[in-house]
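Remarks on the structure that follows.
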Amino acid sequence: MALTLFYTGLLIFTKVFSVSSDVLLFSMGTQATNSTVIRTDEGLVVIDTNESPAAAEEILKYTKRKWINKSVKYVINTHHHFDHVQGNQVFPKAKIVAHKNCPQQMIAAADPKNKVIYTEPKNSSSIPPPPPAKTLYTDTPGYKLTLPNIFVEDEYNFNLGEKSFTIYYFGASHTDNDLLIVIPDEGLLFVGDLFYKKLLPHFSESYKPDVNRWKSIVSKIVERFPSLHTVISGHGEPFTLELFRKQFEYLISLFDETKNMKELGFTDKEILDSLSLERRFGDLQYLDVKSSSGGSLHKGNIKSVLELIK
Ligand SMILES: [Zn+2]
């Protein structure tokens, strides 16, 4: 995977990965958020428009230089968080696809009462924790609320040129509007902020996680698209489908085993001890466990499950 770095006055620096001859991955902005541009015979698709109109303009400028005469036909927002949607206005002619709960969350986030301003992460190489539900990067210059106009309820398919795109609602997890996007012709699965290469997966208990839906959607995707090999998340580098499946299995066993132990009468402390990462999920220890966030994410996951099954 080729990597280019370029500097802009506005954005400090941007990394661009050539995932394939038709796929460019941009990592940019204060949250190092990923945006991906996919080229087809009939135009471009942008997955996540990053944190500001300025960031989206940079993506557009770079892409137009590389792929002359290609215009953006579709935008897909993986979920409503500011660093994935605040460049939408830069693509006024595109169809903007998101889950049906996304617009109401974007509107709530744009309400000044809910204003939350983010500061830059201290260590720019670490992945920032997910922003809370109602978040607007209120000081973003020139930001204009630009809502999606095609809504996914369960599944949505479209073709552009020679490529097909399949989008599923994952079920409440990181937010209540998380999408998974499959591009079978490229072997790519997009997972938004649900799974990362170097971080344990975690979820927000404030949106009642729909674990049964998670299971059925992931097994449907894996069966229906045997050509998938690479996963692109909302932050960080792409990773293998194998690592995604391992992380997914971790989450599911955490739910199942915590529930079983609770039903058998174990105390919360006993559950936390016996399902420790070291003892039960040793092969995932490398996922940022040495930093403070890995271990606490794991404990947080167990506590969230305990809270949910109370
Ligand atoms: Zn997010």
Inset, instruction - Output the number of residues of region 176-235 satisfying the condition of being within 16 Å of the ligand (Cβ to nearest atom) and assigned to a helix (DSSP H, G or I). - result: 0
Legend entry - Positions within region 47-87 being touching a Leu at 6+ places or on another chain (Cβ under 8 Å), of a type in the set (A, V, I, L, M, F, W, C), modelled with pLDDT of 95 or more and within 16 Å of the ligand (Cβ to nearest atom), in sequence order: ILE76
Inset, instruction - Considering only region 164-175, state which residues are away from the ligand (no atom under 16 Å from the Cβ) and not aromatic (Phe, Trp, Tyr). - result: SER164, THR166, ILE167
Inset, instruction - Within region 151-163, identify whether any single residue is among the polar types (S, T, N, Q) and either crowded, with 19+ Cβ neighbours inside 10 Å or within 16 Å of the ligand (Cβ to nearest atom) (or both), and answer yes or no. - result: no
Inset, instruction - Determine whether region 155-175 contains at least one residue that is at pLDDT 90 or above and touching a Cys at 6+ places or on another chain (Cβ under 7 Å). - result: no
Inset, instruction - With the condition kept exactly as written, say whether any residue in region 29-40 is away from the ligand (no atom under 16 Å from the Cβ), of a type outside the set (Gly, Ala, Ser) and modelled with pLDDT under 95. - result: no
Legend entry - Single unsatisfied condition, ILE309 versus (1) modelled with pLDDT of 80 or more; (2) surrounded by 15 or more Cβ atoms within 10 Å (Cβ to Cβ); (3) not charged (D, E, K, R): (2)
Legend entry - Among the residues listed as LEU136, LEU145, the single one being in contact with a helix residue (DSSP H, G or I) (Cβ under 6 Å, 6 or more places away or on another chain), more than 22 Å from THR36 (Cβ to Cβ), at pLDDT 75 or above and among the hydrophobic types (A, V, I, L, M, F, W, C): LEU145
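The values are calculated or read from the model by the stated rules, or taken from the named source; none is laboratory data. Keep in mind the model is a prediction, meaning the values are calculated, not measured. Because the Cβ atoms are built from the backbone with ideal geometry, glycine has one as well, and the counts that use them run over all protein chains shown.
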